[in-house]
Amino acid sequence: MGLCFSYPSSASKTGLHSHASTNHHSNGIDYSSSTAATTGSSVERRSQFSEVASETSGGTLSNSGLLLESPNLKVYSFLDLKTATKNFKPDSMLGQGGFGKVYRGWIDAKTLAPSKAGSGITVAVKRLNSESVQGLAEWRSEVNFLGMLSHPNLVKLLGYCREDKELLLVYEFMPKGSLENHLFRRNEPFPWDLRVKIVIGAAQGLAFLHSSQREVIYRDFKASNILLDSNYDAKLSDFGLAKLGPSNEKSHVTTRIMGTHGYAAPEYMATGHLYVKSDVYAFGVVLLEVMTGLRAHDTKRPYGQENLVDWLRPDLSSKHKVKRLMDKGIEGQYTTKVATEMARITLSCVEPDPKNRPHMKDVLGVLEHIQRINVPSRFSSRPAVASSSHASPRHRYGYRAGAAGAERRRPSPGRFGADKDMDG
Ligand SMILES: Nc1ncnc2c1ncn2[C@@H]1O[C@H](COP(=O)(O)OP(=O)(O)OP(=O)(O)O)[C@@H](O)[C@H]1O
């Protein structure tokens with residue numbers, strides 16, 4: 001069945017506002033210097049998405065995920081969202097990404113209509129930079145993908161607004177913020193069992209995206225895009241760069257190079273060839289961040305250590321070195337076996353050749369095994385965090401400076417590039 005979206009007219013050809021012009025650009029390289037006209041991309045994305053819908057007929061893609069037959073999104077006016085966010089009051093700002101600010105807002109739980117601050121349910125309202133051509137492309141991609149996909153490990157998009165130059169998206173509110181906040185922006189080391197629980201949830205989300213006949217390549221897997229609900233269940237957000245996987249026996253799609261430093265797979269950086277397995281590489285990078293408590297890319301580290309994978313990959317196959325690279329702040333919370341198993345799966349995810357990387361469902365199996373076998377003697381009397389979403393997570397943790405202590409609270413590295421399909 002074809003899908004019919006009624007979107008406003010095509011993109012205005014304003015200049016590109018790449019991350020290079022924001023403080024999110026970590027090394028000042030502008031990968032997006034060539035033309036950035038995205039006019040027409042909506043039509044293309046729509047027709048590609050229709051193809052997925054017809055292949056799966058709105059059926060179940062995995063045990064708990066669905067491709068919806070039609071996007072079930074509420075259309076808001078700009079005034080609605082002004083009301084819902086107390087006029088985008090700075091004190092209701094939840095965070096800022098490369099393409100806009102995210103505010104806390106309130107809507108009625110049943111009708112989803114805007115409500116007064118403090119009444120109804122809390123939502124997150126992303127207001128995209130309306131001057132940015134890339135902002136418009138990302139807004140469209142988010143509506144097209146998130147509006148159609150439903151899975152417990154994908155953040156729910158509730159509605160959107162496009163009015164004059166204003167582009168907004170309304171999401172379910174994720175009260176525990178992002179994995180990035182917990183790993184790098186807090187003084188307290190984030191407990192190992194929560195780290196594992198979160199990567200399992202994120203792996204479920206990615207495995208779902210990769211499981212349809214025509215896979216969805218997420219393309220921007222990173223710690224700041226893994227959001228957490230009140231139970232630390234992980235949900236992937238930000239489908240601004242997502243792409244449909246290759247068709248007709250092809251192994252990859254070719255796109256302009258975009259992503260986030262430290263997470264983008266080497267083959268993609270070198271050629272623009274994007275594989276489903278490019279997501280697996282980024283997943284491995286997050287696993288390494290989770291193990292070490294260090295950022296994927298940090299220009300403040302000494303020469304040769306800026307890129308976490310390039311720096312630590314050789315250590316992942318040595319039991320002795322794995323012990324040393326683990327975040328000191330969580331020592332005693334995992335067994336040696338767990339650390340070495342984690343290193344092994346991380347190493348296979350970041351294999352230079354995409355063909356040698358595992359599928360996400362296999363990565364998921366290994367992570368679930370790692371979660372099951374972790375019974376560190378120091379913590380053996382304490383109940384572990386269960387993987388079920390009904391588990392009560394242990395989330396109060398005291399400060400212990402670790403090797404990664406100095407790394408915490410640094411601004412996150414930003415994205416680079418502007419999207420443009422090369423091979424349709
Ligand atoms: N649904 C949500 N619930 C709660 N907080 C959110 C939600 N969505 C985003 N945020 C907060 O807003 C911040 C900015 O999110 P956004 O997706 O715009 O950018 P980002 O992923 O941090 O960066 P980038 O644009 O480089 O991908 C997040 O880090 C998070 O703290």
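Worth a mention:
- Restricted to the range 90-112, and to residues there that are under 26 Å from GLY135 (Cβ atoms) and not in a strand (DSSP E or B), the residue that is nearest to the ligand (Cβ to nearest atom) is GLY98.
- Count of residues meeting criterion [out of contact with any helix residue (DSSP H, G or I) (no Cβ under 6 Å at 6 or more places or on another chain) and away from the ligand (no atom under 14 Å from the Cβ)] in the range 146-180: 8
- From the options VAL322, VAL280, VAL309, VAL285, residue that is within 16 Å of the ligand (Cβ to nearest atom) and assigned to a helix (DSSP H, G or I): VAL285
- Applying the condition of being among the charged types (D, E, K, R) and in a loop (DSSP other than H, G, I, E, B) to the range 211-239 and asking which residue is nearest to the ligand (Cβ to nearest atom) yields ASP238.
- A count restricted to the range 113-139 and to residues that are more than 22 Å from the chain's Cα centre (by Cα), more than 29 Å from LYS243 (Cβ to Cβ) and either within 13 Å of the ligand (Cβ to nearest atom) or among the charged types (D, E, K, R) (or both) stands at 2.
- For the range 255-269, a residue qualifies if it is aromatic (Phe, Trp, Tyr) and in a helix (DSSP H, G or I), and exactly one does: TYR268.
- Residue count for the range 51-85 satisfying the condition of being among the charged types (D, E, K, R), more than 16 Å from the ligand (Cβ to nearest atom) and modelled with pLDDT of 65 or more: 2.
- For the range 363-383, taking the residues that are crowded, with 16+ Cβ neighbours inside 10 Å and at pLDDT 95 or above, the one that is nearest to GLY205 (Cα to Cα) is identified as LEU364.
- Any hit, the range 190-206, residues being without any contact (Cβ under 8 Å) to a residue 60 or more places away in the chain, surrounded by fewer than 22 Cβ atoms within 10 Å (Cβ to Cβ) and not hydroxyl-bearing (Ser, Thr, Tyr): no
- Condition check for THR292: more than 16 Å from the ligand (Cβ to nearest atom) and within 24 Å of MET148 (Cα to Cα): no
- Pairs where the first residue, in the range 224-237, is at positive phi and the second is part of a loop (DSSP other than H, G, I, E, B) and at pLDDT 95 or above, C-beta under 9 Å, 6+ apart: TYR232/LYS176
The values are calculated or read from the model by the stated rules, or taken from the named source; none is laboratory data. Given the structure is predicted, the values throughout are model-derived calculations rather than measurements. Because the Cβ atoms are built from the backbone with ideal geometry, glycine has one as well, and the counts that use them run over all protein chains shown.
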